[in-house]
Amino acid sequence: MSMPTQGSGLDSGYQAAGAPPTADEVRGSSIGELMRQVTTDLSTLMRQEVELAKAEIRQEGKKAGKAAGLFGGAGFGGYMVALFVSIALWQFLDNVMDSGLAALIVAVLWAVIAGVLYSMAKKNAERIRGLKQTNDSVQRIPDALKPHPEGVTR
């Protein structure tokens, strides 16, 4: 994926992605030209960050979608197995005790299994990676560009 670039905003040859301008180039530029270049550079930076986030979301979304589909199929197969094993266990216990008590034992067994699976799912959900590259990139933006409302006085 290619990164968008901006052309020079100053007549002196300063490039947005290149080396910073020299002191003579800055002295020869008006405040308006300098502000326009800063605005252009910030705009380019924000566009690039948004594009990075979108690309990362697409990439991670495709992986998650495929995994979700496979988990869905496996879950349905597992559900069918669990259903028939539960019925078989219920029928087996029905031979040695009351049918209602046998059903209750099977239900309690499934409640324990559901609790264990919930606990495992919660631990896995806490390890979701998120947008690692985008977060790293945004954290490198200089502090001067980040808002600091607690220090602002009017």
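All of the numbers you see were taken from the coordinates with simple rules; none came from a lab. Please read all numbers here as calculations on a predicted model, not as lab measurements.
With θ taken as phi - 60° and the Karplus curve 6.51 cos²θ - 1.76 cosθ + 1.60 applied, the whole-hertz 3J(HN,Hα) list for region 113-123 is 4, 4, x, 5, 5, 4, 4, 5, 5, 5, 5 Hz, x standing for glycine and proline.
Applied to region 126-140, the Karplus parametrisation 6.51 cos²θ - 1.76 cosθ + 1.60 on θ = phi - 60° returns per-residue 3J(HN,Hα) values of 6, 9, 5, 6, x, 9, 4, 5, 5, 4, 4, 5, 5, 5, 7 Hz, with x for Gly and Pro. Phi angles across region 69-84 convert, under the Karplus curve 6.51 cos²θ - 1.76 cosθ + 1.60 with θ = phi - 60°, into 3J(HN,Hα) values of x, 5, 5, x, x, 5, x, 5, x, x, 4, 4, 4, 4, 4, 6 Hz, Gly and Pro given as x. Computed extension length for Leu83-Ala23: 13.9 nm, one decimal, from 0.36 nm per residue of separation with the Cα-Cα distance subtracted. Note on region 23-130: the alpha carbon radius of gyration divided by the globular reference 2.2 N^0.38 Å gives 2.27.
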